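Engineer: Here it is, the structure, as structure tokens.
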Amino acid sequence: MKKILAFMMCSILTAGLLAGCGGGTEQKDVSASVAPAAENVGEESSGAETEDSLIKDFDGETIVVGLYCGDDSVTGKNRIFEKINEYYMENYNINVQFVTALMSDYAQSMNMMLSSGEQLDIFCAGMMGFSNTVANESTYDLYQDDLINLYGKDIIELIDPVFLKGCVVNGALCGIPCMRDLATGMWCIVFDRQYLDGIGYDFSNINTEECNPATTEDMTELFAKLHEAYPDVNVIYPWGYQYLNQKFLYDPIGGDNFGVLLDPANSLEVSNLFTSDMFKDYCELMYTWQQAGYISKDAVTETQSGGAQIIAGTLMSDTTGGKPGIVRQKEVERGDLDSIAFQLGENFVRGEAASTAAWSINSNTEAPEAAMVVLNDLYTNPIVTNLLLWGEEGIDYVLTDDEHAAFPEGVNKDNADYYNMLPAWALPCEYTTYVWEGDDIDLWEKTIEFNNTALKSKALGFSFDSSEVSAEYTALTNVWVEYANSLMFGMIDPAVGIPELNKRLEAAGLETYMEAKTAALKEWAAENGIE
């Protein structure tokens, strides 16, 4: 790679990270640390080998990494994997092999490998259900034998301790947070711009590349104008109950809505979401929008994504969680349709954000030191991360004058040999990759600031083992799913639906479930000194 990433020279990423990406670093004890990698795959390091520059030799140990992909059928996949393995063999004498699974199949595929005893050293425990994976004792304690401090020091330098603590369970570091947008911009609505142009919308105070602050009143007024101008096009698809926690600020601790924090930045009090004013207000708004004709009457049974509906010309906007670069992301999803975004809520980090896509080492690995070295570079070394994301420079991508990644001449997404196997957010860390042209060159710096400045839940790092109340969980889920989308899409009057929902939830054991979650949260808070 010709150049170290420009953003890595910024103060946001520390000197420790720079060392892990090819710079020099002092090593007084080779056995207790890993020397930095050469800057280019296949490039010989100059000068005599000394104790400070020796690369620890792992005797050709094999480490298997499980990747989750949007498309793992890309033709150049094996070529890129061989190139990455070449890097690890030449720098550490580690034989790195990859297995892939589509996102929808990842949890099942990786769990089968774990249960069968098939070798799998590194995997995304978050995608498999972090708390369940930890409860199954499938994750290695990275604090054990000082593993992360000896072989993952660049990770320690990279990640804010607040987020790292989010993967600590009973004093054990069971994974590493995926370094991407850990915060969520609550309740973003993204429009196909042509409809706003069509009603003469005033863009003079609008940032067309980011989310613009707005209120529900603003949106209701805008929807009315759009509906009048385009009566045959649905105004908004607000998505279903699975995305409720992207709409208003509460923390679904434990990963479910059966006992939540309604004031998560200030209080650990567990409350019933479904009797709260915020839930009632949201459902009433959806009912109002449905009655006004802004939401499709068929929204509950809709099988197309919001983006697909917009491309088809049957929809003007859908909702999403906000983050830096979200406008460009939605435009790409929509076939490069110009988009405008509004954000109705705050930026917020939920309690499980750090572990949602955390990467872990298998507790049964036979080579924990080598696995930690591999994981360290997957987080902090742009040679590895850019190979995984973009492929080989000069073949699969080139760098523009301002250091954006772009297709080489004659290559596009339709004929590329290696492109779009996995998005940046599916990597252990986005921050060490080049930014594709069209996005702001400082996208990752903005993402780091977005994470660090967002409102954070006091329960950051809490996970809930619901096995002792599994019967209640199943019963509660069945009731919630029965009512959820009818309320989320405004199909039933909340004045009727919400009381019915709560009566059914109470009968299904909501109080028992909330008591168990409250007890677990209090125990966790005491262990972690959180009041």
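Values quoted throughout were computed directly from the atomic coordinates according to the rules given, and no laboratory measurement underlies them. Keep in mind that this is a model prediction, so the values were computed, not measured. As a convention, Cβ positions derive from the backbone with ideal geometry for all residues, glycine included, and neighbour counts pool all protein chains shown.
Engineer: Quick one: putting +1 on the C-beta of Lys and Arg, -1 on the C-beta of Asp and Glu, what dipole do you get for the chain around its Cα centre, in Debye to the nearest 20?
Structural biologist: Values: 28 positive and 84 negative charges, 234 e Å.
With Lys and Arg at +1 and Asp and Glu at -1, about 1120 debye.
Engineer: For region 311-451, I need the span (max minus min coordinate) of the C-alpha atoms along each principal axis, in Å, sorted largest to smallest.
Structural biologist: 54, 44, 28
Engineer: Within the chain, what percent of beta bridges assigned by DSSP are antiparallel, to the nearest 5?
Structural biologist: Taking every DSSP beta bridge within the chain, about 50 percent pair in antiparallel fashion.
Engineer: Using amide H atoms built in the peptide plane, which far-off residues or other-chain residues are under 5 Å from Val169 H to H?
Structural biologist: Residues meeting the amide H criterion: Cys174.
Engineer: Additional query: Among Trp289, Trp359, Trp425, which comes first, second and so on when ranked by fewest other beta-carbon atoms within 10 Å?
Structural biologist: So the residues, fewest neighbours to most, are Trp425, Trp289, Trp359.
Engineer: If you don't mind, there's one more thing I want to ask. Measure off 7 Å from each Cα along the Cα-to-Cβ vector at Ala292 and Ala265, then give the distance between these two points in nanometres to one decimal.
Structural biologist: Calculated label separation equals 2.8 nm.
Engineer: Exposure proxy check: Ser131, Ser116, Ser204, Ser267 ranked by fewest other beta carbons within 10 Å? It would help to have the intermediate numbers written out before the result.
Structural biologist: On the way: Ser131 21, Ser116 8, Ser204 5, Ser267 12.
Ordered by Cβ neighbours within 10 Å, fewest first: Ser204, Ser116, Ser267, Ser131.
Engineer: Angle between the Cα long axis of helix 443-453 and the longest principal axis of the chain, 0 to 90 degrees, nearest 10?
Structural biologist: Rounded to the nearest ten degrees, it is 70.
Engineer: Another question, then. Could the peptides 439-452, 394-407 be put in order, highest first, of the mean number of other beta-carbon atoms found within 10 Å of their residues?
Structural biologist: 439-452, 394-407
Engineer: Roughly what % of DSSP beta bridges within region 184-348 run antiparallel, to the nearest 5?
Structural biologist: Restricted to region 184-348, the bridges split so that about 70 percent are antiparallel.
Engineer: Taking all pairs of distinct Cα atoms, average 1/r, flip it, and tell me the Kirkwood hydrodynamic radius of region 386-446 in Å to one decimal place.
Structural biologist: The answer is 11.9 Å.
Engineer: Taking each pair of distinct Cα atoms in region 158-281 once, what is the resulting Kirkwood hydrodynamic radius in Å? Display every interim value, and only then the final one.
Structural biologist: Details: mean 1/r = 0.0556 Å⁻¹.
Hydrodynamic radius (Kirkwood, Cα only) of region 158-281 equals 18.0 Å.
Engineer: Could you give the size of the charge dipole of region 184-348 about its Cα centre, using +1 on the Cβ of each K and R and -1 on the Cβ of each D and E, expressed in debye and rounded to the nearest 20?
Structural biologist: 260 debye
Engineer: Another one. Taking every alpha carbon pair in region 233-343, what does the distance histogram look like in 5 angstrom bins from 0, in percent?
Structural biologist: 2, 11, 19, 19, 17, 15, 11, 5, 1
Engineer: Let me ask something else. Amide H neighbours of Gly322 under 5 Å, counting only residues 5+ apart in sequence or on other chains, H built in-plane at 1.01 Å?
Structural biologist: Amide H neighbours of Gly322, under 5 Å, 5+ apart: Gly185, Met186, Trp187, Cys188.
Engineer: In whole Å, what three semi-axes, largest first, describe the equivalent ellipsoid of region 156-198 built from its Cα gyration tensor (square root of 5 times each eigenvalue)? Each step should come with its number before you reach the end.
Structural biologist: On the way: eigenvalues 298, 23, 11 Å².
Listed largest to smallest, the semi-axes of region 156-198 are 39, 11, 7 Å.
Engineer: A follow-up question, please. Tell me what the chain gives for mean residue ellipticity at 222 nm when only DSSP H runs of n ≥ 4 count, each as -39,500 (n - 2.57), the sum divided by the residue total, rounded to 500 deg cm²/dmol.
Structural biologist: Calculated at 222 nm, the ellipticity per residue is -10500 deg cm²/dmol.
Engineer: Fewest Cβ neighbours within 10 Å first, please rank Ser276, Ser467, Ser360 accordingly.
Structural biologist: Arranged by neighbour count, lowest to highest, Ser276, Ser467, Ser360 become Ser467, Ser276, Ser360.
Engineer: Where does region 391-531 land on the Kirkwood hydrodynamic radius, alpha-carbon pairs, in angstrom? Intermediate results must be reported in sequence, preceding the final value.
Structural biologist: Details: mean 1/r = 0.0491 Å⁻¹.
It is 20.3 Å.
Engineer: Moving on to the next point. Principal axis lengths of region 100-243 from Cα atoms, whole Å, largest first?
Structural biologist: 64, 34, 25
Engineer: Taking amide H positions as placed 1.01 Å from N in the peptide plane, with prolines and chain starts having none, which residues 5 or more places from Ile63, or on another chain, fall under 5 Å of its amide H?
Structural biologist: Under 5 Å from the amide H of Ile63: Asn95, Val96, Gln97.
Engineer: If you plug each phi of region 383-395 into the Karplus form 6.51 cos²θ - 1.76 cosθ + 1.60 with θ = phi - 60°, what whole-Hz ³J(HN,Hα) values come out, in order, with x for Gly and Pro?
Structural biologist: Karplus values, whole Hz, x for Gly and Pro: 4, 6, 5, 6, 4, 5, 7, 10, x, 8, 5, x, 10.
Engineer: On a C-alpha basis, how far is the centre of region 132-165 from the centre of region 410-482 in Å? Whole number, if you could?
Structural biologist: Their Cα centres are 19 Å away from one another.
Engineer: On a 0 to 90° scale, report how tilted helix 77-92 is relative to the longest principal axis of the chain, with both axes built from alpha carbons and the result rounded to the nearest 10.
Structural biologist: Between helix and principal axis, roughly 50 degrees.
Engineer: Something else about it: Each residue of region 330-335 in order: what ³J(HN,Hα) in whole Hz does its phi give by Karplus 6.51 cos²θ - 1.76 cosθ + 1.60, θ = phi - 60°, with x for Gly and Pro?
Structural biologist: Karplus values, whole Hz, x for Gly and Pro: 5, 5, 4, 4, 9, x.
Engineer: How much of the pair distance distribution for the chain lies past 37 Å, counting alpha-carbon pairs only, in percent?
Structural biologist: I get 34 percent for the Cα pairs in the chain exceeding 37 Å.
Engineer: Give me a comma-separated list of calculated 3J(HN,Hα) values for region 106-118, in order, Karplus coefficients 6.51, -1.76, 1.60 applied at θ = phi - 60°, integers in Hz, x for any Gly or Pro.
Structural biologist: Result, ordered by residue: 4, 4, 5, 5, 5, 5, 5, 5, 5, 6, 7, x, 5 Hz.
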